[in-house]
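The values are calculated or read from the model by the stated rules, or taken from the named source; none is laboratory data. From a predicted model like this one, the values you see are computed outputs, not experimental measurements. As a convention, Cβ positions derive from the backbone with ideal geometry for all residues, glycine included, and neighbour counts pool all protein chains shown.
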């Protein structure tokens, strides 16, 4: 699994002009799944997201986590994180898992984060989405297992 995590002041996702998920301060997590991924990868990713300390403390250092600041999470599935554009002009997506494998793992990741006490909004798996990201910092991290 791969995740591109952005610390945000706010974020939202819309499908067909209708907002389906919205958060305030926290993380927008764009997540991709590849063929060999399973529950262990989702569990690792959830623990990393929950434990990241990228919010400023009183001294202005990135030392506070999502729970410390009452942050929220917006999870958006994005198979294009497994796009390979090294050859030619059109990316190959052969490394992205098929929807039947990816959707349950994204759902499991969301459930793990909710079980951890976080407010989690989502996009709509497989839909064309407009994602609004107000990156704070900017702070952007790439996680992969």
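Six or more apart or on different chains, Cβ under 8 Å: which pairs go from a residue in the range 9-29 that's free of Cβ contacts under 8 Å to residues at least 24 places away in the same chain to one that's surrounded by 17 or more Cβ atoms within 10 Å (Cβ to Cβ) and assigned to a strand (DSSP E or B)? Could you list them?
Here the result reads 19/12; 19/13, each pair linking the range 9-29 to a residue that is surrounded by 17 or more Cβ atoms within 10 Å (Cβ to Cβ) and assigned to a strand (DSSP E or B).
Checking residue 117 against (1) part of a helix (DSSP H, G or I); (2) at positive phi: exactly one of these is not met. Which one?
(1)
Going by the structure shown, is residue 74 touching a residue at least 60 places away in the same chain (Cβ under 8 Å), outside any strand (DSSP E or B) and either over 12 Å from the mean Cα position of the chain (by Cα) or closer than 15 Å to residue 4 by Cβ (or both)? Break it down into steps so the answer makes sense when it comes.
Details: touching a residue at least 60 places away in the same chain (Cβ under 8 Å): yes; outside any strand (DSSP E or B): no; either over 12 Å from the mean Cα position of the chain (by Cα) or closer than 15 Å to residue 4 by Cβ (or both): yes.
Taking the combined requirement at face value, the residue does not satisfy it.
So which residues in the range 26-43 are over 21 Å from residue 80 (Cα atoms) and under 14 Å from the mean Cα position of the chain (by Cα)? Explain how you work it out, then say what you get.
Going through the range 26-43, the residues over 21 Å from residue 80 (Cα atoms) turn out to be 26, 40, 43.
Once the filter is applied, which keeps residues that are over 21 Å from residue 80 (Cα atoms) and under 14 Å from the mean Cα position of the chain (by Cα), the range 26-43 yields 26, 43.
Let's see how each residue does on (1) more than 13 Å from the chain's Cα centre (by Cα); (2) over 20 Å from residue 7 (Cβ atoms):
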position	(1), (2)
84	yes, yes
97	yes, yes
106	no, yes
125	no, yes
130	yes, yes
134	yes, no
141	no, no
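Only one of 106, 54, 139, 131 is part of a helix (DSSP H, G or I) and at pLDDT 95 or above. Can you tell me which?
Values: 54 fails: part of a helix (DSSP H, G or I); 139 fails: part of a helix (DSSP H, G or I); 131 fails: part of a helix (DSSP H, G or I).
Unique residue meeting the criteria: 106.
Identify all residues within the range 110-134 that are farther than 18 Å from residue 14 by Cβ and in contact (Cβ under 8 Å) with a residue 40 or more places away in the chain; write none if there are none.
Passing the criteria: 112, 113, 116, 117, 118, 119.
Determine which single condition residue 123 fails, assuming it passes every other condition in (1) out of contact with any strand residue (DSSP E or B) (no Cβ under 7 Å at 6 or more places or on another chain); (2) closer than 13 Å to residue 28 by Cβ.
If we test residue 123 against (1) out of contact with any strand residue (DSSP E or B) (no Cβ under 7 Å at 6 or more places or on another chain); (2) closer than 13 Å to residue 28 by Cβ, just (1) comes out false.
Mind counting the residues in the range 39-78 that are surrounded by 12 or more Cβ atoms within 10 Å (Cβ to Cβ), over 25 Å from residue 137 (Cα atoms) and out of contact with any helix residue (DSSP H, G or I) (no Cβ under 7 Å at 6 or more places or on another chain)?
Selection size over the range 39-78: 2.
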